[in-house]
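Where a number appears in this text, it was derived from the coordinates with a stated rule and is not lab data. The shown structure was predicted, so the numbers you read here are calculated from the model rather than taken from an experiment. Glycine also receives a Cβ, built like all others from the backbone with ideal geometry; neighbour counts cover every protein chain displayed.
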Amino acid sequence: MGNVPVVDLAGAETLVDLERTFGRQGISFRLAEVHGPVREALRRLEPSHRSDLAEANQTVDDVLGKWRAARV
């Protein structure tokens, strides 16, 4: 997401829908290198749930490291 400076409502809803769809299949879906305006758009949709989808200051390596650690 590092090259995506902003998302509109439809884009944010699509990301949330992807997370839910993957989640129902037991697949963890996280975003990396998410800019503040994108995180804010996601928070506006569901304030209490969005922090895990797009954590601040998370590189791809950080997201993968957390995923690998959770699998152990």
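Other residues within the sphere of radius under 13 Å centred on the Cβ of residue 27, judged by their own Cβ, net out at +3 (K and R +1, D and E -1). If the chain linking residue 67 and residue 55 were pulled fully straight, counting 0.36 nm for each residue of separation and taking away their Cα-Cα distance, it would gain 3.0 nm.
Helix 9-24 and the longest principal axis of the Cα set of the chain meet at an angle near 20°.
Net charge of the neighbourhood of residue 5, taken over other residues with C-beta under 14 Å away and scored Lys/Arg +1, Asp/Glu -1, is -2. Here semi-axes √(5λ) of the Cα gyration tensor in Å was calculated from the structure, and among (1) 16, 14, 10; (2) 20, 15, 10; (3) 35, 14, 8 it sits at label (2).
Per-residue Cβ neighbour counts within 10 Å put 64, 42, 53 in the sequence 64, 53, 42, beginning with the fewest.
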